[in-house]
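> Pasting in a structure now, in structure tokens, and then I'll have a few things to ask.
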Amino acid sequence: MEYNLADLFESVVDVVPDREALVYLDHPGTGAERRLTYAELDAAANRIAHHLIDSGIRPGEHLGLHLYNGVEYLQTVLACMKARVVPVNVNYRYVEEELVYLYRDADLVALVFDGEFGDRVAAALPRAPKLRHVLRVGDPSSPVPGAVPFAVAEASGSPGRGFPARSGDDQFIIYTGGTTGMPKGVMWRQEDLFFAGLGGGAPTGEPVKSPEELAERVAAGGYGITFFPTPPLMHGTSTLTAFIGFNFGQRVVLHRKFVPEEVLRTVEREKVTSMSLVGDAMLRPLIDALGGALKGTDCSALFSVSSSGAIMSETVRRQFRELVPNALLLNNFGSSESGFNGTATEDSGPERGFRIRVNSRTQVVDPATHEPVAVGEIGRVAQCGHVPLGYYNDPRKTAETFFEKDGTRWVLLGDMATVDEEGVVTVLGRGSQCINTGGEKVYPEEVEQALKAHPDVYDALVAGVPDATWGNHVAAVVQLREGARHPSLTDIQDHCRTRLAGYKIPRQLVIADSIQRSPSGKADYRWAREVAVAADR
């Protein structure tokens with residue numbers, strides 16, 4: 001057996017077949033509930049895998065998942081890996097033109113889509129000539145010619161295995177969000193993804209030393225951890241969280257969409273122990289619900305709440321701890337290109353910055369020479385060892401981002417950072433979002449943390465706006481708390497001045513009804529910049 005994700009999953013199934021593996025609730029009380037044991041999930045994935053093979057989908061070809069969260073999403077990912085078909089995530093917010101781009105850029109030959117997206121899929125398909133096999137989940141009225149109902153495909157396939165041998169070289173592609181440009185497909189070997197994104201079977205301990213050891217650990221260990229990835233599975237972090245749960249032989253809970261009140265009811269009902277989300281955009285609504293309509297909800301089983309893709313600010317973390325004091329809050333740092341890099345220190349915040357204790361494979365390097373930077377110097381975060389093969393269909397961007405040094409593969413991330421004497425990395429922000437104002441560099445995330453500490457601010461994004469004097473000035477786009485007074489620009493500046501250097505202080509304030517983010521909570525800086533520029537005219 002190799003470090004192949006389907007092989008590893010099957011090895012876990014074989015030692016704990018009767019354990020509950022997956023619980024789908026949409027939403028509690030509606031009756032839309034499914035519970036599958038490891039054996040049942042394995043058989044369900046086998047059925048779709050055999051259907052794909054019988055339909056002529058060949059090893060190495062690409063299948064898109066254009067779905068909300070649900071059993072079908074993880075079932076199809078497993079089916080792809082069992083059949084050696086490459087799964088590709090599709091952002092369900094994309095409109096026709098974006099779908100055409102992704103379907104064609106990813107060379108999709110098959111697609112599984114949610115019937116709710118039928119109109120967009122039907123419009124895009126004629127312009128994606130390689131896409132020859134389509135499965136529809138739900139909504140039988142969805143207008144996609146030739147689409148096979150998922151239930152029919154499932155019924156046509158065998159529940160048994162009987163698949164050809166697989167390899168650790170089999171691929172898994174994660175398309176990045178594309179909020180600052182068209183998305184890119186990150187190509188992972190499954191063996192590399194297992195170690196970089198799934199912690200080698202033990203994210204908080206020692207990675208396994210052989211594929212067989214994973215099942216041995218599961219058989220020898222206990223049962224009682226419930227993982228709850230609340231963001232969309234279409235973003236890599238949530239899918240990887242689910243597979244971390246499977247690698248432990250534990251239980252994974254899913255909701256179709258993020259609804260704060262229902263998330264908390266599920267935490268109480270299912271005794272969730274580990275929940276993942278994306279930054280303040282998801283944690284703040286949970287705090288509001290716990291302090292309001294769902295006050296008194298039993299979250300005592302909740303041991304950890306982790307975020308990646310966006311920071312849980314110091315103010316919001318403090319508010320949540322007051323309501324759920326037993327939960328450990330983890331700001332994790334990673335990306336589609338690197339997997340997991342490290343976790344923020346407890347003293348991370350507006351005063352000291354976003355400080356990360358990184359793993360041994362992560363460094364801050366000079367982007368030109370690829371050599372480690374000196375203490376205090378600014379460089380870019382890079383990771384070596386288990387890294388992706390590159391970007392699919394983009395050799396130019398691959399050459400810019402991936403490099404080899406002393407026989408070892410590296411990936412150069414877009415995050416600017418410094419490192420101190422103890423090896424702690426302070427992440428300044430994405431280089432592409434850096435604001436140059438009067439020759440000084442300002443990273444939006446640092447200003448956003450300060451803004452969110454203001455008592456009237458609910459959420460905030462920061463962008464650079466062209467300025468005749470300074471080149472660009474710092475603009476704050478702010479969503480206020482319900483019922484809050486409208487602070488003036490002077491109020492905001494006075495608040496930030498106690499936390500930030502003068503050149504970082506916002507020179508423009510825009511009050512927005514809401515902050516626009518991706519479904520997973522990631523910042524949409526393009527939107528923030530457009531709003532700020534329009535308000536400055």
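> Which numbered condition trips up P388, out of (1) touching a residue at least 40 places away in the same chain (Cβ under 8 Å); (2) more than 28 Å from M187 (Cα to Cα); (3) open to solvent by less than 10 Å² (accessible area, probe 1.4 Å); (4) not small (G, A, S)?
Of everything listed in (1) touching a residue at least 40 places away in the same chain (Cβ under 8 Å); (2) more than 28 Å from M187 (Cα to Cα); (3) open to solvent by less than 10 Å² (accessible area, probe 1.4 Å); (4) not small (G, A, S), P388 misses just condition (2).
> Given the criterion surrounded by 24 or more Cβ atoms within 10 Å (Cβ to Cβ), touching a residue at least 60 places away in the same chain (Cβ under 8 Å) and of a type outside the set (D, E), identify the matching residue among F246, F228.
F246
> Now for a separate question. Restricting attention to region 443-453, and to residues there that are open to solvent by 10 Å² or more (accessible area, probe 1.4 Å) and either of a type outside the set (D, E, K, R) or part of a loop (DSSP other than H, G, I, E, B) (or both), which single residue is nearest to T362 (Cα to Cα)?
Y443
> Now a separate question. Report whether or not D347 is part of a loop (DSSP other than H, G, I, E, B), modelled with pLDDT under 95 and either surrounded by fewer than 23 Cβ atoms within 10 Å (Cβ to Cβ) or in contact with a helix residue (DSSP H, G or I) (Cβ under 8 Å, 6 or more places away or on another chain) (or both).
Yes.
> Out of region 167-199, which residues are touching a helix residue (DSSP H, G or I) at 6+ places or on another chain (Cβ under 8 Å), surrounded by fewer than 21 Cβ atoms within 10 Å (Cβ to Cβ) and of a type in the set (D, E, K, R)?
D169
> If we keep just the residues of region 306-344 that are farther than 17 Å from S274 by Cα and β-branched (V, I, T), which is least open to solvent (accessible area, probe 1.4 Å)?
V316
> Within region 226-263, which residues are among the hydrophobic types (A, V, I, L, M, F, W, C) and touching a strand residue (DSSP E or B) at 6+ places or on another chain (Cβ under 6 Å)?
Within region 226-263, F227, F228, M234, A242, V252, V253, L254 meet the criteria.
> Of the conditions (1) farther than 30 Å from Y503 by Cβ; (2) at pLDDT 95 or above, G407 satisfies every one except a single condition; which number is it?
(2)
> So, V121, is that one at pLDDT 95 or above, open to solvent by 60 Å² or more (accessible area, probe 1.4 Å) and assigned to a helix (DSSP H, G or I) or not?
no
> Would you kindly identify the strands (runs of 3 or more DSSP E) lying entirely within region 1-92 that contain at least 3 residues that are buried (at least 20 other Cβ atoms within 10 Å of the Cβ)?
Strands (runs of 3 or more DSSP E) meeting the threshold: 20-25, 62-66, 86-89.
Yes or no, residue by residue, for (1) surrounded by fewer than 24 Cβ atoms within 10 Å (Cβ to Cβ); (2) part of a strand (DSSP E or B); (3) hydroxyl-bearing (S, T, Y); (4) touching a His at 6+ places or on another chain (Cβ under 9 Å):
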| position | (1), (2), (3), (4) |
| --- | --- |
| R409 | yes, yes, no, yes |
| A417 | no, yes, no, no |
| V427 | no, yes, no, no |
| K441 | yes, yes, no, no |
| A460 | no, yes, no, yes |
| V477 | no, yes, no, no |
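> Could you tell me which residue of region 496-514 is farthest from V465 (Cα to Cα), considering only residues that are touching a helix residue (DSSP H, G or I) at 6+ places or on another chain (Cβ under 7 Å), assigned to a loop (DSSP other than H, G, I, E, B) and of a type in the set (A, V, I, L, M, F, W, C)?
Residue satisfying both the conditions and the ranking: L500.
> Scan region 302-339 residue by residue and report those that are assigned to a loop (DSSP other than H, G, I, E, B), free of Cβ contacts under 8 Å to residues at least 60 places away in the same chain and of a type in the set (A, V, I, L, M).
Once the filter is applied, which keeps residues that are assigned to a loop (DSSP other than H, G, I, E, B), free of Cβ contacts under 8 Å to residues at least 60 places away in the same chain and of a type in the set (A, V, I, L, M), region 302-339 yields L302, M312, V324, A327.
> Consider L277 carefully, then state whether it is more than 18 Å from V324 (Cβ to Cβ), within 18 Å of the chain's Cα centre (by Cα), hydrophobic (A, V, I, L, M, F, W, C) and crowded, with 23+ Cβ neighbours inside 10 Å.
In short, no.
> Which of the residues that make up region 3-62 are modelled with pLDDT under 95 and among the polar types (S, T, N, Q)?
Of everything in region 3-62, just one residue is modelled with pLDDT under 95 and among the polar types (S, T, N, Q), namely T30.
> From the list V15, V23, which one is under 17 Å from A242 (Cα atoms) and β-branched (V, I, T)?
The conditions single out V23.
> Let me ask something additional. Can T237 be described as β-branched (V, I, T), touching a residue at least 60 places away in the same chain (Cβ under 8 Å), over 22 Å from G349 (Cβ atoms) and open to solvent by less than 10 Å² (accessible area, probe 1.4 Å)?
The answer is no for T237.
> Within region 288-305, can one find any residue that is open to solvent by 10 Å² or more (accessible area, probe 1.4 Å), more than 19 Å from the chain's Cα centre (by Cα) and among the hydroxyl-bearing types (S, T, Y)?
Within region 288-305, one or more residues are open to solvent by 10 Å² or more (accessible area, probe 1.4 Å), more than 19 Å from the chain's Cα centre (by Cα) and among the hydroxyl-bearing types (S, T, Y).
> Also, quick follow-up: Being small (G, A, S), over 19 Å from T226 (Cβ atoms), modelled with pLDDT of 95 or more and touching a helix residue (DSSP H, G or I) at 6+ places or on another chain (Cβ under 8 Å) narrows it down to one of A374, A289, so name that one.
A289
Conditions (1) in contact (Cβ under 8 Å) with a residue 12 or more places away in the chain; (2) within 13 Å of L451 (Cβ to Cβ); (3) out of contact with any Lys or Arg (no Cβ under 6 Å at 6 or more places or on another chain), marked per residue:
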residue	(1), (2), (3)
N472	yes, no, yes
A476	yes, yes, yes
L480	yes, yes, yes
G502	no, no, yes
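The values are calculated or read from the model by the stated rules, or taken from the named source; none is laboratory data. These figures come from a predicted structure and were not determined experimentally. When we count neighbours, we look across all protein chains shown, and the Cβ atoms used for this are built from the backbone with ideal geometry, even at glycine. Calculation scope for accessible area: heavy atoms of the full protein, side chains included, ligands and nucleic acids excluded. Shrake-Rupley method; radii C 1.70, N 1.55, O 1.52, S 1.80 Å.
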